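Visitor: Before anything else, here's the structure in question.
The values are calculated or read from the model by the stated rules, or taken from the named source; none is laboratory data. Because the structure is predicted, anything quoted here is derived from the model rather than measured. Cβ atoms come from the backbone with ideal geometry, glycine included; neighbour counts cover every protein chain shown.
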Amino acid sequence: MNDYLLSVLLGIVEGLTEFLPVSSTAHLRISEALLHVPLSSGYWKMYSIVIQLGAILTLPVYFRQHIAKLLSTFPEGEKKDCTVLTHPLSLVMIAFVVTAIPSFLLTKVIGKNLESLYVMGASLLIGGIVMWIIDAMKAPWEKAGPGAAGSPVHTWKMDDIHGGQAIWIGACQILSAVFPGTSRSMATIAAGQLVGMSRAAALEFSFFLSMPTMAVATLYTLFKSLRGKDENPIGVAQITSHQWVILAIGFVVSFIVAYGSVAWFMGWVRKRGFAPFALYRIVLGIAVLAWAAGVLGR
C-alpha cells in the first residue's frame with residue numbers, strides 16, 4: 001500500500017478511537033497487523049507515538065474556554081469554595097500522580113502486554129461487560145436528572161468533583177496502562193460513574209485527566225525511541241524527507257479526526273450513554289481472542 005494512504009488510514013484509526021472507550025491501542029495494533037506495518041521498525045513505532053500526539057493536541061484546543069475559566073478562577077474556584085488542593089485543576093493533577101507513579105514502576109509489565117493479542121482481547125471483552133453493567137445501573141438516574149430522590153448520581157458537573165473521586169479515578173486509570181485494550185477512557189468513565197458522577201461529568205474529567213497523562217506518557221516514549229533507550233531506536237537524523245511527510249500526514253489527520261470525534265462523543269453521551277460502545281467492545285474482544293487463538297494455533 002502507498003505510504004501516504006497508509007498514513008491517512010492509521011491517522012483516521014487513531015483519531016477515531018483515542019477518546020472513545022474502545023481502546024485506541026488495540027485498534028492501532030490490529031490495524032497495523034492487518035495492513036502489514038513493520039512494527040520491528042523503529043520508525044513505525046515512533047510514527048504510532050507521533051500520531052497519538054496529534055490526537056492529544058485536540059483536547060486543549062477543544063476545551064480551551066473551559067481551561068481558561070478554570071485557570072482564571074484558580075485557586076478559589078468559580079463558586080469561591082475551593083482551595084489549592086480542591087480546585088478541579090489540582091484534582092486532575094492529583095489523579096494524574098496517582099496513575100503516573102505505579103505506571104512508571106510497572107513499565108516492564110506494560111511493555112510485555114502491549115504485544116499480547118490475548119491481553120487485548122480479554123481486556124476489550126471484560127471492559128465492555130463492566131461498562132455495560134455500570135451504565136445500565138446508572139441509566140434510570142441519568143434520565144431522572146439532578147435532584148431525584150435517592151439518586152446515587154450527585155456530581156453532575158466536572159467542576160464539582162471532590163478529592164476522593166479524583167484519587168479513585170486515577171487509581172482505576174492504571175488498569176488501562178497495564179492491560180492494553182482496557183481503554184483509558186473506559187476505565188476512567190466507569191470509575192467516575194461508580195463514585196457518583198454523571199456520564200457527562202465523568203467523561204469531561206476523563207478528557208481533562210487524559211491531557212497530562214497522555215502527554216507525559218507519549219513524550220516519554222518518544223524520547224526513549226529517539227534517544228536509543230528503546231528496543232528499536234531511531235534518531236532524528238535517520239528520518240528521510242519522505243518519512244517526515246508521512247509523519248506530518250498522520251499527525252494532521254489524527255488531530256482533525258480526533259477533534260470531530262470528541263465533539264460528537266460529548267453530544268452523544270449527554271443524550272444516550274455508553275451501551276453501544278460496550279457492545280462493540282464485547283464483539284471485538286471475542287473476535288480478537290478468536291484471532292489470537294488461530295494465530296497461535298498454527
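Visitor: What do you reckon, is Ala293 under 28 Å from Gly42 (Cα atoms), surrounded by fewer than 18 Cβ atoms within 10 Å (Cβ to Cβ) and either at pLDDT below 95 or touching a strand residue (DSSP E or B) at 6+ places or on another chain (Cβ under 9 Å) (or both)?
Guide: On the way: under 28 Å from Gly42 (Cα atoms): yes; surrounded by fewer than 18 Cβ atoms within 10 Å (Cβ to Cβ): yes; either at pLDDT below 95 or touching a strand residue (DSSP E or B) at 6+ places or on another chain (Cβ under 9 Å) (or both): yes.
Yes; evaluated as a whole, the condition is true for this residue.
Visitor: Scan (1) free of Cβ contacts under 8 Å to residues at least 40 places away in the same chain; (2) of a type in the set (A, V, I, L, M, F, W, C); (3) out of contact with any His (no Cβ under 9 Å at 6 or more places or on another chain) for the single condition Val13 breaks and write down its number.
Guide: Every condition holds for Val13 apart from (3).
Visitor: Looking at Cys172 and the list (1) surrounded by 21 or more Cβ atoms within 10 Å (Cβ to Cβ); (2) in contact (Cβ under 8 Å) with a residue 24 or more places away in the chain, which single condition is not satisfied?
Guide: Result: Cys172 fails condition (2) only.
Visitor: Taking only pairs six or more apart or across chains, which ones have beta-carbon atoms under 8 Å, a first residue in the range 71-85 that is at pLDDT 90 or above, and a second residue that is part of a loop (DSSP other than H, G, I, E, B) and loosely packed, with under 12 Cβ neighbours inside 10 Å?
Guide: Pro75/Thr83; Pro75/Val84; Glu76/Thr83
Visitor: Can you name the number of the only condition in (1) aromatic (Phe, Trp, Tyr); (2) touching a helix residue (DSSP H, G or I) at 6+ places or on another chain (Cβ under 7 Å); (3) under 21 Å from Met214 (Cα atoms) that Tyr118 fails?
Guide: (3)
Visitor: Taking the range 126-161 as the search range and keeping residues that are in contact with a helix residue (DSSP H, G or I) (Cβ under 7 Å, 6 or more places away or on another chain) and free of Cβ contacts under 8 Å to residues at least 12 places away in the same chain, which one is nearest to Ile282 (Cα to Cα)?
Guide: Taking the candidates together, the pick is Ser151.
Visitor: State whether the residues of the range 234-254 include one that is part of a helix (DSSP H, G or I), hydroxyl-bearing (Ser, Thr, Tyr) and farther than 30 Å from Glu142 by Cα. Step through it out loud before you land on a result.
Guide: Kept after step one, since they are part of a helix (DSSP H, G or I), are these residues of the range 234-254: 236-238, 241-254.
Within this subset, residues satisfying the condition of being hydroxyl-bearing (Ser, Thr, Tyr) are 241, 254.
Next, from what is left, pick out any that are farther than 30 Å from Glu142 by Cα: 241, 254.
There is at least one residue in the range 234-254 that is part of a helix (DSSP H, G or I), hydroxyl-bearing (Ser, Thr, Tyr) and farther than 30 Å from Glu142 by Cα.
Visitor: Take the residues of the range 41-65 that are over 19 Å from Ile12 (Cβ atoms) and either at pLDDT 90 or above or of a type in the set (Phe, Trp, Tyr) (or both): which is surrounded by the most Cβ atoms within 10 Å (Cβ to Cβ)?
Guide: Phe63
Visitor: For the range 205-222, does any single residue satisfy the condition of being under 24 Å from Leu6 (Cβ atoms), modelled with pLDDT of 85 or more and assigned to a helix (DSSP H, G or I)?
Guide: Checked against the condition, which is being under 24 Å from Leu6 (Cβ atoms), modelled with pLDDT of 85 or more and assigned to a helix (DSSP H, G or I), the range 205-222 yields at least one hit.
Visitor: I've got another one for you. Determine, yes or no, whether Ser103 is surrounded by 18 or more Cβ atoms within 10 Å (Cβ to Cβ) and of a type in the set (Gly, Ala, Ser).
Guide: Values: surrounded by 18 or more Cβ atoms within 10 Å (Cβ to Cβ): yes; of a type in the set (Gly, Ala, Ser): yes.
Spelling it out, Ser103 is indeed surrounded by 18 or more Cβ atoms within 10 Å (Cβ to Cβ) and of a type in the set (Gly, Ala, Ser).
Visitor: Where the second residue is among the aromatic types (Phe, Trp, Tyr) and assigned to a helix (DSSP H, G or I) and the first is over 24 Å from Val288 (Cα atoms) and lies in the range 34-60, which pairs have Cβ atoms under 6 Å and are six or more apart or on separate chains?
Guide: Val50/Phe251; Gly54/Phe251; Gly54/Phe255; Leu57/Phe255; Thr58/Phe255; Thr58/Tyr259; Leu59/Phe207
Visitor: Of all residues in the range 66-93, how many are assigned to a helix (DSSP H, G or I) and either touching a Gly at 6+ places or on another chain (Cβ under 7 Å) or surrounded by fewer than 12 Cβ atoms within 10 Å (Cβ to Cβ) (or both)? Even if it seems obvious, please write down each step before you answer.
Guide: Taking the range 66-93 first, the residues assigned to a helix (DSSP H, G or I) are 66-72, 88-93.
Adding the requirement that they be either touching a Gly at 6+ places or on another chain (Cβ under 7 Å) or surrounded by fewer than 12 Cβ atoms within 10 Å (Cβ to Cβ) (or both) leaves 68, 71-72, 91.
Number of matching residues: 4.
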